[in-house]
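The values are calculated or read from the model by the stated rules, or taken from the named source; none is laboratory data. Bear in mind that the values here come from a model prediction, so they are computed numbers and not experimental data. For neighbour counting, all protein chains shown are included, and Cβ atoms are generated from backbone atoms with ideal geometry for every residue, glycine included.
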Amino acid sequence: MNIGPFSFTRIPFFLLVGFLLVIGIVLTLHRHWMYEVPLVYGETQTIWSVEAKVEFNAHGGPVKVSMARPSAQDGFTVLKEAGASPGYGLNFMDGNEPRAEWTVRGAKGKQELFYRAEILVSQMQSGADLPPPSIQPVSWPEPYASAVNEVLAGAYATSADNYSLTRELLKRFQEDETAQHIELLRTHYADQLPELWVDMLHKARVPASVVYGLNLQDGRRRQNLTPLLRVWNGNDSEIFELPGEESNASLLLAADAPLLLWEQRGAPVLDVTGGTDSSIRFSMLKREESTYANIAENLSSQHDFLNFSIHSLPVEEQAMFKTILLIPIGALIVCILRIIIGIRTSGTFMPVLIALAFIQTSLVTGLIGFLLVVATGLFIRSYLSRLNLLLVARITAVIITVIAIISIFSVLSYKVGLTEGLKITFFPMIILSWTIERMSILWEEEGGREVMVQGGGSLLTAVLAYWAMSDPWVRHLTFNFIGIQFIVLALVLLIGSYTGYRLLELKRFKAFGS
Amino acid sequence: MFTFPWRLERRGILGMNRRNISYISRYNPRRLYPLVDNKLKTKLLAQKAGITTPALIGTVQNQHDVSLLADLLRDVPGFAIKPAKGSGGKGILVLSRHDDEQYIKNSGALVTLAELQRHVSNILSGLYSLGGSPDIAIIEELIEFDQQLGGYSFEGVPDIRVIVCRGYPVMAMMRLSTRNSDGKANLHQGAVGVGLDIATGRPLKAVQNGLSVERHPDTGRELSELVIPQWGQLLELAARCYEESGLGYLGTDMVLDRRYGPMLLELNARPGLTIQVANGCGLLPRLKIIDALSDADVARPAAERVALSRQWFAAQPELKTGA
């Protein structure tokens with residue numbers, strides 16, 4: 001490409017172009033990495049809809065139900081949450097232990113409360129580590145105390161740190177089923193083994209707690225939470241499966257059934273006052289969504305300066321910007337076609353406006369509508385030119401005529417049953433009128449051939465701009481990455497300083513080629 | 001169908017993009033455009049500088065004055081009506097008088113006074129002007145073109161386009177209207193373009209619609225026999241337009257009048273590129289010579305500049321001189 005005669009005076013220009021390119025690319029990558037907006041269109045993200053159903057029998061007095069809520073954690077981001085609970089007051093309490101609290105003055109009989117969360121599977125790190133819980137002093141009656149000491153001493157001797165101690169401990173309960181003191185503890189604490197292990201770890205001054213996770217499997221209903229052991233080492237922590245939970249033996253490894261920690265700190269999952277027979281069951285649904293809606297939800301909630309995002313606007317304005325941000329792409333197409341190719345159009349950016357109308361009407365309907373309106377308009381304009389009118393009045397007459405044509409076509413096509421015809425109203429009427437006026441004068445002065453050349457050029461440009469602007473990739477990139485605008489600007493500046501031949505000049509001057 | 005860009009580069013062809021960036025926006029300050037985009041201003045400027053132009057019969061500035069048109073034209077045998085801000089020959093009407101109510105076009109078609117008035121009010125409302133801004137209609141005396149050029153043009157006045165870069169004439173061509181071009185001298189409408197040797201004013205090559213021709217398609221005159229009278233004077237007039245307009249890349253449109261000799265018709269700040277096809281050679285090598293000139297060279301008197309141009313840009317004619 002021949003970009004101007006090179007000289008040192010052009011260095012600032014190239015610096016500017018380079019600067020714009022760098023800004024554009026940096027903004028785009030920042031968007032991609034920091035906010036996880038995918039660069040690739042059609043890349044989907046997984047969203048889990050998880051619903052918790054709390055059931056209990058109320059006694060008739062005031063009821064307070066407190067339920068643990070999932071919070072952001074490695075691998076998951078909570079997009080939105082909602083509760084359904086007729087008659088109850090519902091509060092979401094955040095903090096280290098996020099909980100949902102339903103309250104009511106009086107309730108009697110079987111009660112059902114619902115909580116629903118939309119959870120996005122993401123690679124984002126949650127960032128904040130949970131601090132370890134404080135270590136509780138523990139004691140056991142004999143003979144269990146000595147059994148505990150025995151097991152702990154063995155596990156302690158064969159381990160190096162908190163995690164390996166935990167593994168050793170759990171291994172003993174899993175494998176040495178015949179060992180006497182294990183058997184003793186197993187039988188006595190049959191229902192409270194997880195709590196026993198936590199106490200044993202506390203005894204060894206290792207912070208630990210029982211947490212509850214939900215095994216996410218698409219379409220499952222009435223699922224229970226899985227108890228897990230969470231062990232801290234400083235501020236780090238690790239999750240351990242419990243022996244005996246055979247069905248979920250390899251749940252941490254299963255990629256298709258990821259584990260969501262519903263409760264992370266060892267607090268009770270469900271706490272009901274004023275009721276009995278409480279239970280909590282989960283159902284979940286997986287859906288793959290093409291990024292778009294989720295990004296929007298995610299980004300609109302994150303307000304900071306660098307997150308300069310259209311998504312922070314109300315939905316209606318977003319829809320408007322979706323179109324506005326496409327216009328530079330259409331204008332870029334016009335630049336390329338006029339400067340590099342050398343196509344002549346009637347009205348420099350008229351094709352972009354026509355292309356915008358095509359987006360609303362769809363291409364074929366738009367083309368047919370455009371040709372119908374312009375052809376009819378030219379016909380009527382040829383009569384107007386005989387009336388000896390002043391220019392402004394004549395164009396006004398053309399505008400009114402165009403509106404009449406559009407109305408007639410809409411009504412006609414509707415009567416015939418072609419609802420497609422109604423879309424003709426999306427055309428910018430003033431622009432159409434000017435196009436008709438200009439074409440008509442062109443016809444009188446330069447003849448029909450020039451009208452065909454320029455009209456054809458305009459339509460070709462409009463169709464190409466339409467293709468570019470309706471391309472899902474282009475729409476995805478322009479709407480989600482403001483940096484693209486800088487890159488387009490840099491390209492336009494480069495094209496603007498192109499001094500080489502236009503493609504059609506190679507034809508025009510072909511006599512010189514021999 | 002297409003040729004390769006490096007071939008055009010080797011032949012020194014100036015392309016549209018390079019013309020716009022390297023010549024027009026480099027040598028033509030934007031503020032001077034109104035001088036050339038408005039024919040009335042150009043005409044007044046030329047008159048002040050002593051450059052001959054077709055005599056001004058009058059102007060119509062307001063819609064109100066359109067009704068006075070008949071009075072204005074009462075004693076005039078022939079005239080041309082032009083929009084002051086028109087471009088590319090748009091809206092120019094050349095008429096001779098028939099009677100008070102009717103006028104005759106070159107082609108023989110009759111034009112009524114009412115039609116003429118409508119044309120003028122179209123001009124006033126900006127139909128032919130750049131950007132549709134309100135305009136003025138200029139009425140000029142008809143040119144009686146030199147008899148030596150008779151038979152070289154069909155219905156219209158043949159005009160001579162000289163490209164002047166920094167005051168030096170670099171390339172010239174004559175535009176001959178044909179039946180196809182409807183009496184207009186626009187090459188893309190089918191007029192014949194004849195490249196002229198800067199040194200002698202002799203024809204080099206003739207093209208119509210991009211193809212070489214040897215004879216005028218309507219009159220059959222051998223184009224190689226074309227001789228431009230008062231060539232040196234014409235070039236000097238063209239060269240002087242540089243000082244007067246201040247535009248460094250200029251297309252000057254001249255005509256040869258039987259009575260007054262070379263006259264300036266209009267100036268063009270964005271002259272087209274087809275002149276290269278009519279000359280069979282590219283503008284770039286010549287423009288590069290001019291680019292390299294010092295300010296002192298540019299400040300020479302017009303006659304000296306023309307002499308240098310005729311020396312530098314002399315060419316070998318491609319059309320064989322007829323028997």
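I'd like the full set of residues that are surrounded by 12 or more Cβ atoms within 10 Å (Cβ to Cβ), aliphatic (A, V, I, L, M) and in a helix (DSSP H, G or I), limited to the range A:138-178.
Of everything in the range A:138-178, those that are surrounded by 12 or more Cβ atoms within 10 Å (Cβ to Cβ), aliphatic (A, V, I, L, M) and in a helix (DSSP H, G or I) turn out to be A:Ala145, A:Ala147, A:Val148, A:Val151, A:Leu152, A:Ala155, A:Leu165, A:Leu169, A:Leu170.
Working only within the range B:204-221, note down all residues that are surrounded by fewer than 18 Cβ atoms within 10 Å (Cβ to Cβ) and part of a strand (DSSP E or B).
Answer for the range B:204-221, where residues must be surrounded by fewer than 18 Cβ atoms within 10 Å (Cβ to Cβ) and part of a strand (DSSP E or B): B:Leu211, B:Ser212, B:Arg215.
A quick yes/no check of all residues on (1) touching a residue at least 60 places away in the same chain (Cβ under 8 Å); (2) within 14 Å of B:Asp197 (Cα to Cα); (3) basic (Lys, Arg); (4) surrounded by fewer than 23 Cβ atoms within 10 Å (Cβ to Cβ):
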{"residue": "B:Gly246", "(1), (2), (3), (4)": "yes, no, no, yes"}
{"residue": "B:Gly251", "(1), (2), (3), (4)": "yes, no, no, yes"}
{"residue": "B:Met254", "(1), (2), (3), (4)": "yes, no, no, no"}
{"residue": "B:Arg270", "(1), (2), (3), (4)": "yes, no, yes, yes"}
{"residue": "B:Leu293", "(1), (2), (3), (4)": "yes, no, no, yes"}
{"residue": "B:Leu308", "(1), (2), (3), (4)": "yes, yes, no, yes"}
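Checking the conditions here, which among B:Gly220, B:Gly190 is in contact (Cβ under 8 Å) with a residue 12 or more places away in the chain and out of contact with any Leu (no Cβ under 9 Å at 6 or more places or on another chain)?
B:Gly190
Taking the range A:62-87, which residues are outside any strand (DSSP E or B) and surrounded by 18 or more Cβ atoms within 10 Å (Cβ to Cβ)?
Hits for the range A:62-87 are A:Arg69, A:Pro70, A:Ser71, A:Ser85.
Being within 16 Å of the chain's Cα centre (by Cα), farther than 30 Å from A:Trp443 by Cα, away from every other protein chain (no Cβ under 14 Å) and surrounded by fewer than 21 Cβ atoms within 10 Å (Cβ to Cβ): is that true of B:Gly201 here?
yes
Going by what's in this entry, would B:Val170 be described as touching a Leu at 6+ places or on another chain (Cβ under 7 Å) and outside any loop (DSSP other than H, G, I, E, B)?
Spelling it out, B:Val170 is indeed touching a Leu at 6+ places or on another chain (Cβ under 7 Å) and outside any loop (DSSP other than H, G, I, E, B).
Matching residues to (1) aromatic (Phe, Trp, Tyr); (2) at positive phi:
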residue: B:Thr219; (1), (2): no, no
residue: B:Gln230; (1), (2): no, yes
residue: B:Arg240; (1), (2): no, no
residue: B:Glu244; (1), (2): no, no
residue: B:Tyr249; (1), (2): yes, no
residue: B:Gly261; (1), (2): no, yes
residue: B:Arg270; (1), (2): no, no
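Name the residue that is farthest from A:Gly496 (Cα to Cα), counting only residues in the range A:6-37 that are touching a helix residue (DSSP H, G or I) at 6+ places or on another chain (Cβ under 7 Å) and either within 14 Å of chain B (Cβ to nearest Cβ) or modelled with pLDDT under 80 (or both).
Here the residue is A:Tyr35.
If A:Leu504 meets every condition in (1) at the interface with chain B (Cβ under 8 Å from one of its Cβ atoms); (2) closer than 20 Å to B:Asn209 by Cα; (3) touching a helix residue (DSSP H, G or I) at 6+ places or on another chain (Cβ under 9 Å) apart from one, which number is that one?
(1)
Of the residues A:Trp443, A:Trp467, which single one is within 30 Å of B:Gly86 (Cβ to Cβ), away from chain B (no Cβ under 12 Å) and aromatic (Phe, Trp, Tyr)?
A:Trp443
Is the range B:103-111 home to any residue that is buried (at least 24 other Cβ atoms within 10 Å of the Cβ) and in a strand (DSSP E or B)?
Checking the range B:103-111: not a single residue is buried (at least 24 other Cβ atoms within 10 Å of the Cβ) and in a strand (DSSP E or B).
Is it true that B:Leu264 is closer than 16 Å to B:Gly167 by Cβ and assigned by TED's automatic domain parsing to the domain that holds B:Arg31?
yes
B:Ser96 versus (1) part of a strand (DSSP E or B); (2) hydroxyl-bearing (Ser, Thr, Tyr); (3) crowded, with 21+ Cβ neighbours inside 10 Å: which is the lone unmet condition?
Result: B:Ser96 fails condition (3) only.
State which residue is farthest from B:Leu45 (Cα to Cα) when the search covers only the range B:69-117 and only residues that are among the basic types (Lys, Arg) and touching a helix residue (DSSP H, G or I) at 6+ places or on another chain (Cβ under 9 Å).
B:Lys90
For the range B:5-51: of the residues being surrounded by fewer than 17 Cβ atoms within 10 Å (Cβ to Cβ) and in a loop (DSSP other than H, G, I, E, B), which is nearest to the other protein chains (Cβ to nearest Cβ)?
B:Gly12
Taking the condition of being surrounded by fewer than 16 Cβ atoms within 10 Å (Cβ to Cβ) and of a type in the set (Phe, Trp, Tyr), how many residues in the range A:27-61 meet it?
1
Pick out, from the range A:395-514, the helices (runs of 4 or more DSSP H) lying fully within it that include 1 or more residues that are over 26 Å from A:Ala319 (Cα atoms) and more than 36 Å from the chain's Cα centre (by Cα).
Here the list reads A:429-446, A:448-470, A:503-508.
Quick check: is even one residue across the range A:91-98 crowded, with 17+ Cβ neighbours inside 10 Å, assigned to a strand (DSSP E or B) and either hydroxyl-bearing (Ser, Thr, Tyr) or not assigned by TED's automatic domain parsing to the domain that holds A:Pro258 (or both)?
Scanning the range A:91-98 turns up no residue that is crowded, with 17+ Cβ neighbours inside 10 Å, assigned to a strand (DSSP E or B) and either hydroxyl-bearing (Ser, Thr, Tyr) or not assigned by TED's automatic domain parsing to the domain that holds A:Pro258 (or both).
Among what's in the range A:318-357 and is small (Gly, Ala, Ser) and not in a loop (DSSP other than H, G, I, E, B), pick the residue that is farthest from B:Leu273 (Cα to Cα).
In this case the residue turns out to be A:Ala319.
Which residues, taken from the range A:446-464, are in contact with a His (Cβ under 9 Å, 6 or more places away or on another chain) and either surrounded by fewer than 18 Cβ atoms within 10 Å (Cβ to Cβ) or away from every other protein chain (no Cβ under 14 Å) (or both)?
A:Glu450
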